[in-house]
1. Contact list please: Cβ distance under 6 Å, first residue in the range A:617-645 and within 14 Å of chain B (Cβ to nearest Cβ), second residue assigned to a loop (DSSP other than H, G, I, E, B), pairs at least six apart or on different chains.
2. Take the residues in the range A:576-599 that are more than 24 Å from residue A:511 (Cα to Cα) and hydroxyl-bearing (Ser, Thr, Tyr); name whichever of them is farthest from the chain's Cα centre (by Cα).
3. Take the range A:118-130 and flag every residue that is surrounded by fewer than 24 Cβ atoms within 10 Å (Cβ to Cβ) and either within 11 Å of chain B (Cβ to nearest Cβ) or out of contact with any Ser or Thr (no Cβ under 6 Å at 6 or more places or on another chain) (or both).
4. At least 3 residues that are free of Cβ contacts under 8 Å to residues at least 12 places away in the same chain and under 30 Å from residue A:680 (Cβ atoms) in each: list the strands (runs of 3 or more DSSP E) lying fully within the range B:110-228 that qualify.
5. Assuming residue A:261 fulfils every condition listed in (1) at pLDDT 95 or above; (2) in the same structural domain as residue A:107 (by TED's automatic domain parsing); (3) surrounded by fewer than 22 Cβ atoms within 10 Å (Cβ to Cβ) apart from one, which condition is it?
6. Step by step: first the residues of the range B:98-123, then only those that are within 13 Å of another protein chain (Cβ to nearest Cβ) and touching a strand residue (DSSP E or B) at 6+ places or on another chain (Cβ under 6 Å), then the one that is surrounded by the fewest Cβ atoms within 10 Å (Cβ to Cβ). Which residue is that?
7. Within the range A:257-315, which residues are assigned to a strand (DSSP E or B) and of a type outside the set (A, V, I, L, M, F, W, C)?
8. Testing residue A:679 on (1) crowded, with 22+ Cβ neighbours inside 10 Å; (2) more than 8 Å from every other protein chain (Cβ to nearest Cβ); (3) among the small types (Gly, Ala, Ser); (4) within 29 Å of residue A:249 (Cα to Cα), one condition comes back false. Which one is that?
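The values are calculated or read from the model by the stated rules, or taken from the named source; none is laboratory data. Quantities reported herein were computed from a predicted structural model and do not represent experimental measurements. Cβ: placed from backbone, ideal geometry, glycine included. Neighbour counts: every protein chain shown.
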Amino acid sequence: MANSNILGPARSRVDGPLKVTGYAKYAVEFEIPKCAYAWPVESNIAKGKITAIDIKAAQTSPGVLAVLTHQNASKMADAKGLFEEFAEAHGEDMSQGIRNEQRAPLADDEIHYAGQYVALVVAQTIEQARHAASLVRVSYAPELPILTMEDASKAKKPKKKQDETIQLRKGNVEPALANQNIIRLHETYSTPTETHNPIETSGTIAAWEGDDKLTVWDSTQFVKGVQSILARSYGLKIENVRVICPFVGGAFGCKGALWPHVLLATMAARATRVPVKFHLPRKAMFTGTGHRTPTSQTISLAATSNGKLQAIKHVTGTLTSPVGEFVEVCGARSTGVMYASETIRVEETVYPVNVATPTFMRAPGECPGVYALECALDELSYLLQMDPVELRLMNHAANHPIRDVPFSAKHLKEAYQLGAEKFGWSKRNPQTGQMRDGNLLVGWGMATATYPAHKMSAAAKAILHVDGRATVQCATHDLGTGAYTAFTQISSEQLGVPFEQVTFELGKSDYPFGPVAGGSNSTGTVGTAIHEVAQLLHRALAELAVKDARSPLHGSRPNDIAMVAPGRIALRKNPVTSDSFTDILQRAGRDSITVESELKDPEENEKLAFQSWGAHFCEVKIDSLLPRVQVTRVVSVMNCGRIVNAKTARSQIIGGVVMGIGMALTEETAYDPKTGLPAIANLADYHVPTNADVPPIEVYFVGEPDYAFNPIGARGMGEIGITGIAAAVANAVYHATGKRVRDLPITPDKLI
Amino acid sequence: MNPFDYSRPPDWQAAVNSVATDAQAKFLGGGTNLIDLMKMGVETPDRLVDINRLPLAQVEELPGNTGIRIGALVRNSDLAEHPLITARYPVLSEALLSGASPQLRNLATTGGNLLQRTRCYYFYDPAFPMCNKRNPGSGCGALEGYNRIHAILGQSEQCIATHPSDMCVALAMLDAVVRVQGPAGERAIPIANFHRLPGITPNVDTNLQTNELITAVDLPAIPFATRSHYLKVRDRASYAFALVSVAAALELENGMIKSARIALGGVAHKPWRAAKAEQALAGKKVEAAAFSAAADAELAAAKGYQYNSFKIELAKRAIVQALTTVAALP
């Protein structure tokens, strides 16, 4: 049941007042003297070569400082090294930054996808740049683009991700799938291209000091990654590249990798010798900063007549661009972990097409993967005439189904139980098309949610001041999630300093290393670094105290001393003998004391499996004549270890559910089938849910702190909310209508 | 966006003069569509003539109970909530409130709404090489493209775009009259003649001359318009253009339909007055079969494409639903 010891206090955001008053300064809002503005020219063919670029009219247009093209960029921006760096194969070391596109912008005359940058105009004002960009004339030798999975599979050898952790195999699925005496299901589910669409579009301001010092204000999920890539690209000392990003206005994965606009801004600033701001227009967000690849997923299930899974096979096809690196891994951490099946097979194939490069989008892989598997399980429940919750309980996996080690702090059964109770699931009529509200069809559906617990490396610096205030720093990020607040809470608790007296600083590459804010890793990873730096702080205070004749701890061994209460260290064995942080500093004549933790690889515990879990229950209502699906109620129960801030955590789950409703019902980036240009490339046509689409959403947390995972006990929860919700909605639509739509989004035309 | 001049004339005569002497000039009302199109590079006026200070923001009764007059600068939000509109023409209020978002409605004007341009993807983004509306003679990209939101009635091989306005569908149903001022004086254009079908000149949206200024929209007195309704079917609950919409009113007498008025949105290059359905309903009993027959009659000539054929069935169902709703009104 809901366990109060997992829920931290519901703190309002420490950055709330700055946000609502407009004082929170986002990356592109910094006012840099003499700053010029960039505007892109994008390819309107999807494949081919540039045969000529006429930039004369643009160059002579008022205010224009430079027009960069593949013909002049390398020389103008002295960017030869940059092109070479990008041509080299990129390893898997995510701590050095992430590139999903293995090509520097303006590197050559090749066009790989529509929307690719072919020129950049820099002018004194954004209006001048935009106008001059319209005067650039590009001539192409177009070739027939490959745009779909069907065409790609015929045209060239697809890429299989070779990694054994992705192509999973447990036993042999084929005998059970061929057994005509058991219950079997074989269906294909597809999801469309989805685009992140944070309200703050991506953007970069680049400012050079001479040729060897670079500062960028960049809207990013990874300041240290941007720093590392830029330093290597231009051959700069790492400390000579500064990246600043105190606030991010939403990201959802599209600001995790370094995208071409960051390089273009730095090239433009180098070429013009003035700072340059390149703030992406909304349209460029559909081609220039990644998207979620469409998927085609075939699920085959075999089960005994009482519902025991004998085989699960999950075969996925996804897309990437000809210059893309990213692979959406749909099955490995959904089908590969979720149910105790006798046999499991997961296959992933990636097809290159002439469409812009995809990237991480909230719960990358798991989100579409869980959708497909959880719809298939729902279909199986009808074949078995078994309640969908019962079917999942029947196949509950206490141990990791492939590694066969226990899951740590898994409380999924409680999540099903509490969710069913809060939702009123027992009142569900199992037949389809039977529940009504007046003229409206009513459907109830559910699905499991899951997301792996990821762990990365981070370090932190703590400064304790003699007046009792503390400052903690880490080059981590707040994407709008509430990270500032959660890290202030963790710092307060770990350091032993009142919440109001802690300042947590992030978003600067000057601070100790923070990893990419992705994969729901930040709270646990940075929390662990804060835990470590707090230990160092208490040790440093102990060392001062034991040398101070006026301290009650004088002469004790620092090893015997620890924090016993906020603001005090004491002998572990005799906590009455204690001293206060501020007294220690005061007597030592110190204004402050500073400690910094070391960056090291995270400790891995191979004896357990770490994964977060949850269950969504939802209700839809549908007019049978004009069948637009309205979600009217959602209950979500999550098991993510400890919840640091009950308020912002609840908001995170609500946000995931809202985004999942969009995935289920409305969101799709459609492309012109001939040219490959995105047809949908603005917020009017790309339908994220509006307030009117979002029902009351109840969120509950169950479980216990997962201290086997990290000392904070938190497994992270930024992604899990979106996993499973699209399946819960699709399953509810089937329950309401008797019609199974296996192709998202479920728009009215698919229910007519 | 290209460089342009800006002026703010003191009266409508000066406004009309500034546009009459400059073929590339455009009037600026709320700007919710024009500025967007300028940013996209679709509209490239060399001068914006800002008419926001002209005294055209009144809603007033016409003498002798002949109807009401809506000034061209009345904002969509104000019009939707105006007591004369909510009492006498609920269909118009509902249509306005179903469109755009509150922020857009607060700026968008009555005159500007009449001149909204299509949301066809191939028109809206100049990266697409083919669009006969934006670039006559270049072809229609939508015809064999992603045409999910496109027309099923009255289209041509040159253009299958739809008119995006909700307000205009209600106005078409209500037989509104658009009043315009030009160098030659004032004239009145019945709404049915205001917007055009694409034919071979899809680049011309309306019969308004480039040097004419919309000053008002007149609504005739229609007593039975109190029994009217606007039904909009869209992909999400709010802030989406219509897949199909229906403005309907019924004049009932002893359980019989004396006359019916129906207009459709989202299906054609202009707000589509459903004359065939209206004829089919006149003199019929109020019953579902009559509604279905009327819908079938109207959509008999409809033609769908790869992605939008569903609209034919959806339009029929929407007509039936709208009429059912109107018939049940008190």
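1. A:627/A:751; A:629/A:746; A:631/A:695; A:632/A:695
2. Filtering the range A:576-599 for residues that are more than 24 Å from residue A:511 (Cα to Cα) and hydroxyl-bearing (Ser, Thr, Tyr), the one farthest from the chain's Cα centre (by Cα) comes out as A:577.
3. A:124, A:125, A:126, A:127, A:128, A:130
4. Details: elements: B:177-182, B:185-190, B:213-220.
Because the criterion is at least 3 residues that are free of Cβ contacts under 8 Å to residues at least 12 places away in the same chain and under 30 Å from residue A:680 (Cβ atoms), no strands (runs of 3 or more DSSP E) in the range B:110-228 meet it.
5. (3)
6. The qualifying residue surrounded by the fewest Cβ atoms within 10 Å (Cβ to Cβ) is B:98.
7. Start the filter on the range A:257-315 by keeping residues that are assigned to a strand (DSSP E or B), which leaves A:276-279, A:292, A:295-303, A:309-315.
Residues satisfying the conditions are A:277, A:279, A:292, A:295, A:296, A:297, A:298, A:300, A:310, A:313, A:314.
8. (2)
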